[in-house]
Amino acid sequence: MTEREQLEADFVGEVPALRAFARFLTRDAAQADDLVQETVLKAWVALDRFEPGSNLRAWLFTIQRNTFYSLIRKRKWEVEDKDGEHAARLSQKPEQDGAMDMMDFLAAFETLPEEQREALILVGAAGFSHEEASKICGCAVGTVKSRLNRARTRLTELLDLGPEDEVAGDAAMSALAASQPLSAD
Amino acid sequence: MTDDDSAKGRRKAPLDPRIESNLKRVYEEAAGEEMPERLTALLDRLRSGRDDTEPESGDVREEDR
């Protein structure tokens, strides 16, 4: 396999992560796939300019984020989750372990400002470092940390979380998440 | 978490594990959904060099690179 073929294979392997990020950006499944398609086309054309050894996922996420805001400006995409369809679609599996209710979590998550949701997804879910997230968002590392802190504080308030709320199910949830780490590499 | 991690911008204060695990779970569900046919077909065309579709929103901006 040539270097180019390997890069193309890695590119294709990142598309599921792009779809997940797009879902959070657009909050609409159809728009998310439109966004991913547009991102793939742009990134593929620019693939020769990708620096080998740098973070492909971060590069793709940056293109996707910029594409999203470009399309928002041009098409005036609506990204409000008017009917809660986004939240309902994202997790339809019932909780069985008494841990934090997913629908409550998603409802709380949806109340966060866009930049805080974005920071949470990039760092908390996609596994980027603060520095990588700051580059993707085009802001300072401290800004990412501040957004994360505010988001975390707000979610903790909304979900009424505290040390005394620790439940046995958390260990299982954490183990589940840890079993499938999402690397930014 | 080490000082070196901090210096590199690595995460220092983790999210509440319950928040983080829910975030990851939601993210993984979205990433794990079946790829739509149009995306699969597009990727196949691109890899075979048979796609001449132009992106709608212009070229990659300087800050994308």
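For the stretch A:117-143, which residues satisfy the criterion of being more than 7 Å from chain B (Cβ to nearest Cβ) and more than 14 Å from the chain's Cα centre (by Cα)? Within the stretch A:117-143, A:Lys135, A:Cys139, A:Ala140, A:Gly142, A:Thr143 qualify. If you check A:Arg23 against the conditions, is it farther than 20 Å from B:Gly49 by Cβ and either buried (at least 18 other Cβ atoms within 10 Å of the Cβ) or within 9 Å of chain B (Cβ to nearest Cβ) (or both)? So A:Arg23 fits the description; yes. If the condition is being without any contact (Cβ under 8 Å) to a residue 60 or more places away in the chain, under 25 Å from A:Thr2 (Cβ atoms) and either within 9 Å of another protein chain (Cβ to nearest Cβ) or in a loop (DSSP other than H, G, I, E, B) (or both), then the stretch A:49-67 contributes A:Arg49, A:Phe50, A:Glu51, A:Pro52, A:Gly53, A:Ser54, A:Trp59, A:Ile63. When B:Asp16, B:Asp64, B:Asp5 are checked against the criterion of being modelled with pLDDT under 60 and within 7 Å of chain A (Cβ to nearest Cβ), a single residue qualifies: B:Asp64.
Kindly provide the set of residues from the stretch A:33-48 that are aliphatic (A, V, I, L, M), assigned to a helix (DSSP H, G or I) and either surrounded by fewer than 24 Cβ atoms within 10 Å (Cβ to Cβ) or touching a strand residue (DSSP E or B) at 6+ places or on another chain (Cβ under 8 Å) (or both), ordered by number. Correct list: A:Leu41, A:Val45, A:Leu47. Of the helices (runs of 4 or more DSSP H) lying entirely inside the stretch A:68-185, those carrying at least 1 residues that are loosely packed, with under 13 Cβ neighbours inside 10 Å and at pLDDT below 90 are A:85-90, A:141-158, A:168-179.
The values are calculated or read from the model by the stated rules, or taken from the named source; none is laboratory data. In this text the structure is predicted, and so the values were computed from the model without any measurement. So basically every Cβ, Gly included, is an ideal-geometry build from the backbone, and we count neighbours across all protein chains shown.
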